[in-house]
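S.K.: Quick one: structure below, then a few questions.
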Amino acid sequence: MQSELINIGSATIKTEQASLEQPAGDFTGLLSGANITWVDGGVYLHVGDLAPGYAWSIIISTVRPDLEEVLGRVLPVLIEKGVGFRIVRNKIEAHHILSGKRGAEHLNKVIIIYPAGHQQANAIAIELAEKTRGCRGPAVPGTYRLGDIVFAQHHGTTGEDLAWPFVAVAPVPAQAELLTLNQKFRIVRRVKEM
């Protein structure tokens, strides 16, 4: 058995894991130890409702040496707010995500948060930007920076969801930054650079 202590806010959780069942640094014990129900999604552990109808997600990036510290700062906020999120499954997957081995769609996305609407998105972004101030992490391609390691990504195409919900955290990006075509289409990914 391997024991590991991880701080989540004011609580310290001791996770015990059999080394044959879980690799070192597996975060399933962290969530289970905090009585958080999760679903195995392979690369990520899914917690709560992932709010598929909302067009914005908040992403946390970090460097590998700071992974546990960032989890300790971010998870209490997510649990308190009752928001759906995905966290990287373990330290090995974190390495793969941060090095690009899981592809561009996962690059540097250690935690992905799915707020239910503009109000919740803004409140969570404000708190996470404050809690993670001074943390280190790489940029996440195709996103907007809200804090040192906090980013926002848009998944929708039109309507109210295109409005910038993070006005209290970061200024509204210039229209060119939102990459819309004819005020109808949002460029989410480029297949080929010209």
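The values are calculated or read from the model by the stated rules, or taken from the named source; none is laboratory data. On a predicted model such as this, the values are computed, not experimentally measured, just so you know. Glycine also receives a Cβ, built like all others from the backbone with ideal geometry; neighbour counts cover every protein chain displayed. The area values use the complete protein model at the heavy-atom level, side chains included, leaving out ligands, DNA and RNA. Shrake-Rupley method; radii C 1.70, N 1.55, O 1.52, S 1.80 Å.
S.K.: Mind checking Rg over Rh on the stretch 71-127, alpha carbons, Kirkwood formula for Rh?
M.R.: With Rg and the Kirkwood Rh in hand, the quotient comes to 1.02.
S.K.: At 0.36 nm per residue, minus the direct Cα-Cα distance, what do Val172 and Asp66 gain on full extension? Give it in nm, one decimal, please.
M.R.: Extending this stretch completely gives an extra 35.2 nm.
S.K.: Then there's this: Within the stretch 77-130, what whole-number % of the accessible surface is contributed by carbon and sulfur, with the 1.4 Å probe and all protein chains included in the calculation?
M.R.: Heavy-atom surface of the stretch 77-130 belonging to carbon and sulfur, 1.4 Å probe: 50 percent.
S.K.: Quote the FRET efficiency, to the nearest 0.05, computed for Ala116 versus Ser32 with a Förster distance R0 of 25 Å and r equal to the Cβ-Cβ distance.
M.R.: So, using R0 = 25 Å, E works out to roughly 0.50.
S.K.: Further question: Quick one: length gained pulling Ala163 to Glu80 fully straight, 0.36 nm per residue minus the C-alpha distance?
M.R.: Residue separation times 0.36 nm, minus the Cα-Cα distance, leaves 27.3 nm.
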